[in-house]
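The values are calculated or read from the model by the stated rules, or taken from the named source; none is laboratory data. Model, not experiment: these values are computed from the prediction. For neighbour counting, all protein chains shown are included, and Cβ atoms are generated from backbone atoms with ideal geometry for every residue, glycine included. Just so you know, the surface numbers come from the protein's heavy atoms only, side chains and all, with ligands and any DNA or RNA stripped out. Shrake-Rupley method; radii C 1.70, N 1.55, O 1.52, S 1.80 Å.
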Amino acid sequence: MGGTSTATLKLKLKVWRQKNPKSDGHFEDYDADGISTDASFLEMLDVVNNRLILDGKDPIAFDHDCREGICGSCAMTINGNPHGPQKGTTACQLHMRKFSDGDSITIEPFRAKAFPVIKDLSVDRSAFDRIIASGGFVGVNTGNAPDANAMPVPREKAELAFKAAACIGCGACVAACTNSSAMLFTSAKVAHLGYLPQGVPERERRVLNMMKTMEEAGFGNCSNTGACSLACPKEISFENIAKLNSEFLRASALERG
Ligand code: SF4
Ligand code: FES
């Protein structure tokens, strides 16, 4: 795989097709001809879908919203890599110039017990919403907006919080993990709010509730392979998991008294 000098590509696609959550899925082969090297991966799928529709066939279902690497919707595994082979990139920001004429591309949904397939490449990631709802908030004073410097935040902590806040909830970390663990996602949320003074009132409740919700949703445990961080399109640091573990141990000890 690599760059190409041709303006269009002829590709062989192997795509996971699954009618609904209860049906068995299978791979189907498609020819994708005349694909512009300037197209994004999702635009390539749009071209394939337009041809399927013209042929009276069911288009391939996949999730997308912003197509700008912001919303985290475009979850799919491309040639075995969540979001594809390019580091730090969502599927919508992956461009076809990264592929070569004649390439075969296998496209399948994110695989995890906690992410059931809805249809084809579209999976139900509402387990992430439940984790967020269980602790991803801060109590706010709803009076007048405070002065910007009323609550000083050390620069190092502000930067750690900001980097963790870059998580877009896409689920690639879960798909990349042999245990389908959601620890990187949850750790990003715990770190984002935990480094800031605004997050202190919910500190213990946040980590205990989010860990509990994560387990109830069926995600596995972390075994420190680091695959999550490597697959993450926002390059969320694996070090956040150490922060999550220490917050969890602290909150558990305080809870026991
Ligand atoms: S940690 Fe990275 S891979 Fe996981 S949900 Fe957040 S952005 Fe996606
Ligand atoms: S469609 Fe929003 S991140 Fe890809």
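Data for the structure
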item: Per residue accessible area in Å² of the chain, where ligands, DNA and RNA are left out and the probe is 1.4 Å; result: 52
item: FRET efficiency, 1/(1 + (r/R0)^6) with R0 22 Å, evaluated for ARG51 and HIS26 via beta carbons; result: 0.65
item: Per-pair calculated FRET efficiency, R0 = 30 Å: LYS113 and ALA242 via Cβ, rounded to 0.05; result: 0.75
item: Cβ-defined net charge surrounding HIS64, 15 Å radius [Lys, Arg +1; Asp, Glu -1]; result: -3
item: Set of lysines with alpha-carbon distance to LYS10 below 16 Å, sequence-local pairs under 8 removed; result: LYS98
item: Order by protection proxy (mean Cβ within 10 Å, highest first), peptides 130-139, 84-93; result: 84-93, 130-139
item: GNM top mover of ARG205, ARG51, ARG125 - the chain, alpha-carbon springs below 10 Å; result: ARG51
item: Helix 126-135 axis, angle to the chain major axis (alpha carbon atoms, nearest 10°); result: 10
item: GNM result for the chain, Cα springs below 10 Å: residue of VAL140, VAL47, VAL117 fluctuating most strongly; result: VAL140
item: Potential lengthening between ALA148 and ASP33 on full extension [0.36 nm per residue; Cα-Cα distance subtracted]; result: 36.0 nm
item: Mean separation of Cα contacts under 8 Å (6+ apart) over length of the chain, as relative contact order %; result: 20
item: Nearby lysines by direct alpha-carbon distance to LYS243 (threshold 22 angstrom, same-chain neighbours under 8 apart not counted); result: LYS157, LYS163, LYS189, LYS212, LYS234
item: Segment ASP129-ALA61, length gained on full extension (0.36 nm per residue, minus Cα span); result: 22.3 nm
item: Using alpha-carbon coordinates, inclination of helix 155-164 to the longest axis of the chain, degrees; result: 40
item: Region 107-184 shape via C-alpha gyration tensor axes, a/c threshold 1.5; result: prolate
item: Cα centroid separation, region 63-117 to region 202-224 (Å); result: 26
item: Antiparallel DSSP beta bridges within the chain, percent to nearest 5; result: 75
